[in-house]
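Q: Have a look at this one.
Nothing in this text is a laboratory measurement; each read-out follows from the coordinates by a stated rule. As the structure is a prediction and not an experimental result, all values here were calculated from the model. Cβ: placed from backbone, ideal geometry, glycine included. Neighbour counts: every protein chain shown.
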Amino acid sequence: MLRKLGLRSIRRGIKEMDIILGGYAEARLAEMDDEGLALYERFMFENDQDLYRWVSGQDAAPTEYSALVADISAFAVAHAAQAREARG
């Protein structure tokens, strides 16, 4: 299941979500319990434009996904900050 979710995370409809979800999946999926993985799998069936709007804070995520979206958003912000620091 981890491999399938990882692949679905990097093969989205828009490049931004490939980057955000691909990094998140690589860093976080292995530590998720079965319930978390099931939630992430349902999340993967949502429309990419909706996912991007939720993760970027343009729209509120549905309650079911609010904690997951908050974690993905925090990961994306931290990852972007690390990338900026690495470039100097």
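Q: Select from the range 1-54 those trypsin sites (Lys or Arg not before Pro) which occupy a DSSP coil region and have at most 13 other Cβ atoms within 10 Å, ordered by residue number.
A: Arg11
Q: Follow-up question, since we're still on this one. What number comes out for the charge environment of Asn47, summing +1 per Lys or Arg and -1 per Asp or Glu over other residues with Cβ under 12 Å away?
A: Numbers: positive: Arg12, Arg53; negative: Glu46, Asp48, Asp50, Asp59.
Neighbourhood net charge equals -2.
Q: Could you work out the relative contact order of the chain? I mean the mean sequence separation of Cα pairs under 8 Å and 6+ apart, divided by the number of residues, in percent. It would help to have the intermediate numbers written out before the result.
A: Numbers: 53 pairs, mean separation 22.1, N = 88.
That works out to 25 percent.
Q: At 222 nm, what helix-only mean residue ellipticity would the chain give, in deg cm²/dmol to the nearest 500, using -39500 (n - 2.57) for each DSSP H run of four or more? Write down the numbers at each step before the final one.
A: Working: 5 runs with 64 residues, N = 88.
That comes out to -23000 deg cm²/dmol.
Q: Just add up the charged neighbours of Glu26: K/R +1, D/E -1, any other residue whose Cβ is under 15 Å from the Cβ of Glu26.
A: Details: positive: Arg3, Lys4, Arg8, Arg11, Arg12, Arg28; negative: Asp18, Glu31, Asp71.
Charge balance in the 15 Å sphere: +3.
Q: Against the empirical 2.2 N^0.38 Å scaling, what ratio does the C-alpha Rg of the chain come to? It would help to have the intermediate numbers written out before the result.
A: Working: Rg = 12.5 Å, N = 88, 2.2 N^0.38 = 12.1 Å.
Taking the Cα Rg and dividing by 2.2 N^0.38 Å, one obtains 1.04.
Q: Kindly put Ser73, Ser9 in sequence by how many other C-beta atoms sit within 10 Å of each C-beta, fewest to most. Let's see the in-between values first.
A: Values: Ser73 17, Ser9 23.
Going from least to most buried by this count: Ser73, Ser9.
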